[in-house]
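The values are calculated or read from the model by the stated rules, or taken from the named source; none is laboratory data. Small disclaimer: the values here were computed from a predicted structure and weren't measured. We place every Cβ from the backbone using ideal geometry, glycine too, and count neighbours over all the protein chains shown.
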Amino acid sequence: MKKALPYVLPVLLCFGLGYFASRLQTDAIAHWYPHLDKPALTPPNWMFPVAWGAIYLLSGLSAGLVWNRAGARRKGLLALWGVQLLFNFLWSILFFTLRNPLLGLVDIILLDLLVLGYILWTWHVVRLASVLFWPYLVWIGFATCLNAYILVFN
């Protein structure tokens, strides 16, 4: 169990924060989001929890790899991992709960940079931890475009 704990804890933290964020945005998703002008490439609603479930799993596993294999760089990398997770959570609050696409866009651009920084730093320390974050960067890059569109056209 000791070997599994560094993987299980970050995965549970990701899913826990994701669940908490989903509870906070329920009203906005039901009453605000459907009325926004969104781009034609907007995924169907069912795709978001599927994508985030996969991303949270990969993100937690990445943190577990860093925890187990990063040596002296572990603290810095785990701190960066935690900060990006905080910005991930804050985006839901800013965009959905506060219904503020401008603050959401500022947050998600910072999140893009944090995730990219994590990818680049882990590449030189624990390469698989970096690779596990690639789908996350692609997804939030796409989400950044969606957020920008919603800001401009609403």
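Structure values in brief
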{"read-out": "Flag if D107 is crowded, with 21+ Cβ neighbours inside 10 Å, modelled with pLDDT of 95 or more, among the charged types (D, E, K, R) and within 30 Å of K75 (Cβ to Cβ)", "value": "yes"}
{"read-out": "Count of the stretch 89-108 residues which are of a type in the set (D, E, K, R) and in a helix (DSSP H, G or I)", "value": "1"}
{"read-out": "Options F89, F95, F48: the member that is closer than 23 Å to A148 by Cβ and in contact with an Asp or Glu (Cβ under 9 Å, 6 or more places away or on another chain)", "value": "F95"}
{"read-out": "All positions within the stretch 31-49 that are within 28 Å of S59 (Cα to Cα) and either over 19 Å from the mean Cα position of the chain (by Cα) or hydroxyl-bearing (S, T, Y) (or both)", "value": "Y33, K38, P39, L41, T42"}
{"read-out": "Total residues in the stretch 37-70, condition touching a Cys at 6+ places or on another chain (Cβ under 9 Å) and either outside any helix (DSSP H, G or I) or farther than 19 Å from L85 by Cα (or both)", "value": "2"}
{"read-out": "Considering residues of the stretch 110-127 that are part of a helix (DSSP H, G or I) and β-branched (V, I, T) only, the residue surrounded by the fewest Cβ atoms within 10 Å (Cβ to Cβ)", "value": "I119"}
{"read-out": "Any hit, the stretch 135-149, residues being within 30 Å of N68 (Cβ to Cβ), among the hydroxyl-bearing types (S, T, Y) and part of a helix (DSSP H, G or I)", "value": "yes"}
{"read-out": "K38 being at pLDDT 95 or above, surrounded by 13 or more Cβ atoms within 10 Å (Cβ to Cβ) and basic (K, R)", "value": "yes"}
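One line per residue, one yes/no per condition, for (1) surrounded by fewer than 17 Cβ atoms within 10 Å (Cβ to Cβ); (2) touching a residue at least 60 places away in the same chain (Cβ under 8 Å); (3) within 21 Å of L24 (Cα to Cα); (4) in contact with a helix residue (DSSP H, G or I) (Cβ under 6 Å, 6 or more places away or on another chain):
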site: W46; (1), (2), (3), (4): yes, no, yes, no
site: Q84; (1), (2), (3), (4): no, no, yes, yes
site: P101; (1), (2), (3), (4): no, no, yes, yes
site: A129; (1), (2), (3), (4): no, yes, no, yes
site: L132; (1), (2), (3), (4): no, yes, no, yes
site: N147; (1), (2), (3), (4): no, no, yes, yes
site: N154; (1), (2), (3), (4): yes, yes, no, no
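Each row is one residue, and each column tells you yes or no for (1) farther than 19 Å from T144 by Cβ; (2) more than 19 Å from the chain's Cα centre (by Cα); (3) surrounded by 13 or more Cβ atoms within 10 Å (Cβ to Cβ).
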{"position": "L12", "(1), (2), (3)": "yes, no, no"}
{"position": "G16", "(1), (2), (3)": "yes, no, no"}
{"position": "W52", "(1), (2), (3)": "no, no, yes"}
{"position": "G60", "(1), (2), (3)": "yes, no, yes"}
{"position": "V66", "(1), (2), (3)": "yes, no, yes"}
{"position": "K75", "(1), (2), (3)": "yes, yes, no"}
